[in-house]
Number of protein chains: 2
Amino acid sequence: MAAPPPLDLSHHLSYATKNKKPSSVKGFYKYFQIPGIANFAGGLPNASYFPYDTLEAKVALPQRLDTKENSSVRVTVPKESKTKDVQRKIDLTTALQYGTAAGYPPLNTFLRSFARDHLHPNVPYAGGPEVILTCGSTDGFSKVVEAFTNIWNPDRDWIQQREGVLCEEFAYMNAIQTVQPRGLNVASVAMDGQGMLASGEGGLQHVLENWDFRLGRRPHLMYTVPTGQNPTGGTLSIERRKEIYALCQKYDVIIVEDEPYWNLQFPSAYQNTVHHRGSCSEPNLYTQNYNAEGKSSGYAYLDSLVPSYLSIDIEGRVVRLDTFSKTIAPGSRLGWVTAQPAIIERLTRITEVTSQQPSGFVQALVAQLIFGKDDDSAKSSKQIASGWHMDGWVRWLEGLRARYEARMHDMCTILEQNKYLFHGSTGDEVDAWEVVDRVQMYDFVWPVGGMFTWIDVHFDTHPLRSQYPPEKLSKALWIHLTQRPHLCLVSPGGMFAPTPRSAEKAHRYIRVAFAPMESDEVAPFTQRLVEGFRSFWQRKNLDGLSGEEAQGFDLQPEVNLLGNGC
Amino acid sequence: MAAPPPLDLSHHLSYATKNKKPSSVKGFYKYFQIPGIANFAGGLPNASYFPYDTLEAKVALPQRLDTKENSSVRVTVPKESKTKDVQRKIDLTTALQYGTAAGYPPLNTFLRSFARDHLHPNVPYAGGPEVILTCGSTDGFSKVVEAFTNIWNPDRDWIQQREGVLCEEFAYMNAIQTVQPRGLNVASVAMDGQGMLASGEGGLQHVLENWDFRLGRRPHLMYTVPTGQNPTGGTLSIERRKEIYALCQKYDVIIVEDEPYWNLQFPSAYQNTVHHRGSCSEPNLYTQNYNAEGKSSGYAYLDSLVPSYLSIDIEGRVVRLDTFSKTIAPGSRLGWVTAQPAIIERLTRITEVTSQQPSGFVQALVAQLIFGKDDDSAKSSKQIASGWHMDGWVRWLEGLRARYEARMHDMCTILEQNKYLFHGSTGDEVDAWEVVDRVQMYDFVWPVGGMFTWIDVHFDTHPLRSQYPPEKLSKALWIHLTQRPHLCLVSPGGMFAPTPRSAEKAHRYIRVAFAPMESDEVAPFTQRLVEGFRSFWQRKNLDGLSGEEAQGFDLQPEVNLLGNGC
C-alpha cells in the first residue's frame, strides 16, 4: 500500500504567513529562455563589475580528522564556469549574483540528496521531504516561529488567542528568546537522562492533558533538541521519540527538531558508564542498524545513529533544523530545514523577503569543498577535481564525531574519578565533616551526544549546607571556580532555564563544554575543575564569594557567545 | 550650541520588539579576560576542526573601473592572525567562529567610519549615528519592519489598530511584499521626475493631511528610495528632502531610506537633457559641494552627491539601508543599517535571534579586500599589504558610477533620438496615420541615478488607439517586443504598482535596465528596442499579441530576479 501524503497543517500557519503570495514569475521564465533575448527586465548588476575574480581556499581532506594527516588541497571558484548544468555549475558569475531562496542550485541539490537519501532515507509520507537552505539554525528557527506563531499582545488580544510553545525543562535559551518576546506561553516538559519525558509527572502527556486553558491555547509547537541535548547531553531513544510523536499526533503539535549535534552521537557513553558504575540506567542506543528494515543510508556510521523524528513522521508534522555550525564552522551561517513540501514552500516565501538566500560567498565555497573544481584547470590536479563528495562529507562527519567523543571521554573520566571527596583524604581540614567514608560532590550522566556535560551538584553534602541556602552555595561555587588556582569558567544552570519552574531547580546544575578548548587541554582543565570542587567542599566560609564579585552570575546567555545550539 | 540628542522614538516600536531583552552577558566578559581562564562556558566548536585552512581570492585593484587596467591581486585570510587588535584581526579562527550581531569587528569598524566620517559627515544629532551589518537590505528592511510595525489581522484586531506604510507611487515591490502580508495599509505618494512629491495633489502632505482614519492609523513609517529610484530613476533634490522631512516631523513618521543606488548618481543626465531638449524641467543637482558648510567627506566625489536624509535628520527619525549588492555583488548578501543608536540597539536584539550575523566567509573576504593582508606573509607583496582602504573603496565606487553612467548615456541617447515616428519615414505604410510631422511614441526622464530608465509610453498616439484600450495596447506592446526580430524583454509598469491607484496608470510605463547586459550590448539592444517601438506603431492589428502569449505579463515581480532594490 502506498504511503499517504503528509497532512495539511496550514491551520497552524500564522496570519502573515498565510498571506504571503507565491511568486508568479514562472510565466516569465520562458521569455528568459528565448535565444538571443535582450534582457532589459532584470535589475541585476553586471557581473564584470564584481571585484572578485576568484574565490579560493585551502581545505582539509576528509580523512584529516580520522588519520591526523594534516595536508590540505586548494579549491577554486572561478569567475565563470563553462559547465551548462546549473546543478553542477559553481562560479562567481552565478554565486555572487542574485539567487533563489531555496539556495545555490549545486548546494541545494547536494543537501536535498544528503537529507533524503542518507540522513533520512525512510521518511514515511509519500514523496518525502524537501529542503531549503538557511543562514544557520537560529535563522531557520526564527522563520519557523514566524511561520507557525502569531504574536500575542496582552493589551490588545484575548487570552484565548495566546499560543504556546513546548520545550525541554532545560533548554537552549536563544531559541526561547526567539519565542518569548512574541508573548507566547513557554511550557517546559520534565526530562530524564535521555531528554524530554513522554509520560509521568511533568512529562509531555501530563503537560498536554492538564493544560490550563486560562493561560491560553494548548501549545501547538514544540522546540526540542533530541540528540546531545543542550545543556544536558542526553539523546532520546527511538522508542521515546515514538511515544512523543504519538502525543504530538493526538494533540496536533508540530515538532521543531533542532539537531546541531545529531552526528555527534557517542556510543562509548554507555560502555563507560557500565565500566565505572557497574550498570547504566539509560538504554544502550547503539546496538542496531536503524535502517535495517528500510532503505540503508549507504553508510554504516549513519545507519548506526538514532534516527531523526522525520523517520517516524507519518503525518509530516516534523520540521527539522540542520546547521553547518558544528560540522564546518559557526561563522558559515549556513544550514537547512527539512520538512514536508508545503512547509518548505511557506518558508521559501518568508526567505524571499528576509534573508533572500545565504551569502553566495559561503555557498560557493562550501559547494566547491564538496564538489571540487569543475572547470578545465582542475584537470591538472586529481585531488582537487575529485572533491569530497558524499563519501568524503560523511567521512568528515564520522571523524568529527570521533574527535568530540575523545574529548567527552577525557573530561568525563576525570569527572567520574573525582565525584567523591574521601574522608580524611585532605588531612586535618575535615574535622567538621560528617563521619562518612565519602561525600559525593556531584553526579552526571555520561553525554550520549553533543558538546556538553551537565553536572548535578550535590550542595546538600556541603559542610556549609545548614548555614547557606543552596542557591547561595551555587553562586559561591561559580565564583570560587573562577578564582586562582582553579580558573574555571562554567555555565550556571540558570542560563538554561526557560520557565520559572525550571529556574527553581536550576541552581543545582552547571554545564561544562568539552568542545571549545584544545584537545590536550580537556584533561588538565577538567583536573583543575574537580580540584576546584574539592577545595570548595573544604571551605569553612564563603568569604570573597558573594556581592559584587558574583555579578556575572545572574545571566541570560549571550546569544552568540554562550548559547549556540544552532 | 551643542546639537540635541535624537528623539526617543520607542513609542513606534512593535510589541515584540519592545519586549526583546538586551543581553546581560557584559558582566561575563571580565571573566573571559582572566589570564589563563579555562573556558568551559562557551558552546563554541573547536576552530581546529573547521575544514578551511585559508580563504583566498583574486581581487580587482580599485582602479580597474576607471583605468580598465584588468590585473588582480591575491588576498588571503589566514587560519590565525597574530594581530592582537580585534579591530584589525582578520583570520578564520575569529571570522568562522560565532561572532557578534553588530558584525565582524574589522568590517564593522570600517563601515562605521565610512558611514559617520565619509558618507554622512554632518548628521545633525548629538553623537551621530551607529551602524549594524545586515545580510543585505532586504534583510535590513525586514528587520526594520519587524521593529516598527505590528501585524494586523482583520479577524482579530480593530481597524483603529491597523498601521500603515507610505511609499512612492511606483515602488520596489519586494519591499511592499514585506509589508503587505502583515495586514498593513500601503499608502502611495504621487511622484514627479525627481521622485516623491512633498506637496500638491497626491503628494505627501496631501496624503497625511487627508488621511482617512476609517482605514486605520495614519502611517508612521515611510519606505522610500530617494536616489536613482526603482523604477523611475529619479533623484530627490536636497530641498525636496527637507520638505518631506519636515512633514515627517510634523506627522511623526519614521523614514526608511533604501539607498542601493546612492553612489550611482549621474550628473550628466541634466546636461544631456539640456543638450537634446534645450532645457530641463528638473533642477541640476550637481553644482555644489554638499558638505561645504560642514565637515567634508574627504572626497570630492562624495561631497558632490546629493546627501542622505541622515544629513538633515535632526530628530533621529531616519533609518538608512545600505547594501554591497550593487558595489560588490548581490550574492554577498551583505549590507548595513545606519540610524540613531537606540534604533541600532533594537535591531541588534532582533539580529541576535534571526540571522545572528552575516556569514563570516563574506565578512572576512570583504574585510580582507579592504584591509589587505595583515599577517607576516604579506610583507612579500606590497600590493596586497596595502589593501584598498578607504581611498581605494571610494575610488572603486566612483569608477562604478562612471561605468553605469556610460551605460545610461548609451541607452538614453538612442531612446532620445528615436522617441518620434516621423511621418513618411517608413514609406507607404503610414497612409492611415494622422497627418502630422511626427508622432511621439514615448517619453522619459534621463535617470539621475540607479540602473533603470522609466519609459512613459504614449499609447494615445498609436494608430489603433480607438480600437483598443491602452491596457490592451500595453500588453500587446510587451509581447510584440519579445518577438523576432526585436527580442527585447522589458519590465511592465504593473510590476511596480504598490496600490490599486498606482496600478490604474501603470500600463503606461515600462522599466528598462541598462545594468545587467554587457556594456557593448547596451546600444545595439536599445536600438532593437526602439525598432520594436517603431514597428509596433506601424501595426494595423494586434494579431498574435494577446491571449495565452501574454500570460507572462500580469506578473508580480520575482523577488530575486526582477525586483532587487536591495
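The values are calculated or read from the model by the stated rules, or taken from the named source; none is laboratory data. Computed from a predicted model, the values in this text were never measured in an experiment. With ideal geometry, Cβ positions are generated from the backbone for all residues, glycine too; neighbour counts draw on all protein chains shown. The area values use the complete protein model at the heavy-atom level, side chains included, leaving out ligands, DNA and RNA. Shrake-Rupley method; radii C 1.70, N 1.55, O 1.52, S 1.80 Å.
Any chance you could list P(r) for the stretch B:157-197, counting all Cα-Cα pairs in 10 angstrom bins from zero, rounded to whole %?
Binned Cα distances yield the sequence 27, 48, 22, 4.
Measuring with a 1.4 Å probe in the full set of protein chains, what accessible area per residue, in whole Å², belongs to the stretch A:71-201?
I get 30 Å² per residue for this part.
Enumerate the calculated ³J(HN,Hα) couplings along the stretch B:125-139 in order (Karplus 6.51 cos²θ - 1.76 cosθ + 1.60, θ = phi - 60°), each rounded to whole Hz, writing x wherever the residue is Gly or Pro.
Couplings: 7, 4, x, x, x, 10, 10, 9, 6, 10, 8, x, 6, 5, 4 Hz.
Starting from the coordinates of the alpha-carbon atoms of chain B, obtain the Kirkwood hydrodynamic radius over all distinct pairs and give the value in Å to one decimal.
25.6
Sort largest first and round to whole Å: the equivalent ellipsoid semi-axes of the protein assembly as shown, each the square root of five times a Cα gyration tensor eigenvalue.
Over the Cα atoms of the protein assembly as shown, the semi-axes work out to 55, 30, 30 Å.
Ignoring ligands, DNA and RNA and using a 1.4 Å probe, state the total buried accessible area between B and A in Å², rounded to the nearest 100.
11400
Sort out for me the Cα centre separation of the stretch B:174-196 from the stretch A:237-297, rounded to whole Å.
About 51 Å separates the Cα centre of the stretch B:174-196 from the one of the stretch A:237-297.
For B:Thr83, which inter-copy label distances result when the label point lies 7 Å beyond Cα on the Cα-to-Cβ vector, reported in nm to one decimal and in ascending order?
Spelled out, the distances from B:Thr83's label point are 3.3 nm.
In nm to one decimal, list the spacings between the B:Asp66 label point and its equivalents in the other copies, with label points set 7 Å along Cα to Cβ, shortest first.
Here B:Asp66 shows inter-copy label distances of 5.6 nm.
Taking the highest mean first, how do the peptides A:484-496, B:264-276, B:230-242 order by number of other beta carbon atoms within 10 angstrom per residue?
Peptide ranking by packing, descending: B:230-242, A:484-496, B:264-276.
Which distance in nm do the two modelled labels at B:Arg484 and A:Ser279 give, with both placed 7 Å along the Cα-to-Cβ direction?
8.5
Checking the a/c ratio against 1.5 first, then a/b against b/c, what shape does the Cα gyration tensor give for the stretch B:125-357?
Oblate, since a/c reaches 1.5 and b/c is not below a/b.
Would you pull out the residues with amide H under 5 Å of B:Thr149's amide H, same chain only if 5 or more places away, H placed 1.01 Å from N?
Amide H to amide H, under 5 Å and 5 or more residues apart or across chains, B:Thr149 pairs with B:Ser14.
If you roll a 1.4 Å probe over the protein assembly as shown with all protein chains in place, what percent of the accessible area is carbon or sulfur?
That share works out to 51 percent.
With +1 on each Lys and Arg Cβ and -1 on each Asp and Glu Cβ, and nothing else charged, work out how big the dipole of chain B is about its Cα centre, in Debye to the nearest 20.
Computed charge dipole of chain B: roughly 1640 debye.
Compute the distance from the alpha-carbon center of the stretch B:330-355 to that of the stretch A:472-488, in whole Å.
36
Normalised by the number of residues in chain A, what is the relative contact order in percent for Cα pairs under 8 Å and 6+ residues apart?
18
Averaged across the residues of A:86-94, what count of C-beta atoms belonging to other chains lies within 10 Å of each residue's C-beta?
Neighbouring Cβ atoms belonging to other protein chains average 1 per residue here.
Let me spell out the model: positive unit charges on the Cβ of Lys and Arg, negative unit charges on the Cβ of Asp and Glu, origin at the Cα centre of the stretch B:125-357. What dipole size does that give, in debye rounded to 20?
With Lys and Arg at +1 and Asp and Glu at -1, about 220 debye.
Tell me the distances, shortest first, between B:Ser48 and the same position across the other copies, using label points 7 Å along Cα→Cβ, in nm to one decimal.
4.9
Top to bottom by accessible area (1.4 Å), largest first, where do B:Arg534, A:Arg508, B:Arg88 land?
B:Arg88, A:Arg508, B:Arg534
Beta carbons within 10 angstrom, averaged per residue: use that to sort the peptides A:510-518, B:319-327, highest first.
The most tightly packed comes first, giving B:319-327, A:510-518.
Sorted by accessible area (1.4 Å probe), largest first, how do B:Lys79, B:Lys472, A:Lys419 line up?
Result of the area sort, largest leading: B:Lys472, B:Lys79, A:Lys419.
Partner chain Cβ atoms within 10 Å, averaged over the residues of B:505-513 - can you pull that number for me?
Mean partner-chain Cβ count within 10 Å for B:505-513: 2.
Can you give me the P(r) profile for the stretch B:43-184? Cα pairs, bins 10 angstrom wide beginning at 0, each as a whole percent.
Answer for the stretch B:43-184: a P(r) of 9, 21, 28, 24, 14, 4, 0 percent.
About the Cα centre, and with charges only on the beta carbon of Lys, Arg (+1) and Asp, Glu (-1), how big is the dipole of the protein assembly as shown? Nearest 20 debye, please.
My answer is approximately 420 debye.
Once Lys and Arg get +1 and Asp and Glu get -1 on their Cβ, which of B:Ser137, B:Phe452, B:Thr83 lies farthest toward the positive end of the dipole of chain B?
Checking the options against the dipole of chain B, the answer is B:Thr83.
For the protein assembly as shown, what proportion of DSSP beta bridges, expressed in % and rounded to the nearest 5, is antiparallel?
Antiparallel bridges: around 65 percent, rounded to the nearest 5.
From the phi of every residue in the stretch A:389-402, what ³J(HN,Hα) in whole Hz does the Karplus formula 6.51 cos²θ - 1.76 cosθ + 1.60 yield, where θ is phi - 60° and glycine or proline is x?
Once θ is set to phi - 60°, the couplings for the stretch A:389-402 become 6, 4, 4, x, 4, 5, 4, 4, 4, 5, x, 5, 4, 4 Hz.
So which of A:Lys143/B:Lys84; B:Lys89/B:Lys242; A:Lys419/A:Lys540; A:Lys20/B:Lys540 end up more than 30 Å apart by C-alpha?
Exceeds cut-off: A:Lys143/B:Lys84; B:Lys89/B:Lys242; A:Lys20/B:Lys540.
From other protein chains only, count the Cβ atoms within 10 Å of every residue's Cβ in B:61-71, then give the mean.
1
Any chance you could list P(r) for the stretch B:212-350, counting all Cα-Cα pairs in 10 angstrom bins from zero, rounded to whole %?
The distribution over the stretch B:212-350 is 10, 34, 36, 15, 4, 0, given as percents.
Under 5 Å between amide H atoms, partner at least 5 residues away or on a different chain: which partners does B:Leu166 have, H built in plane at 1.01 Å?
B:Ala187, B:Leu221, B:Met222, B:Tyr223
Using the alpha carbons of the stretch B:178-244, what is the convex hull volume per residue in cubic angstrom, as a whole number?
Given the Cα convex hull of the stretch B:178-244, per-residue volume reads 91 Å³.
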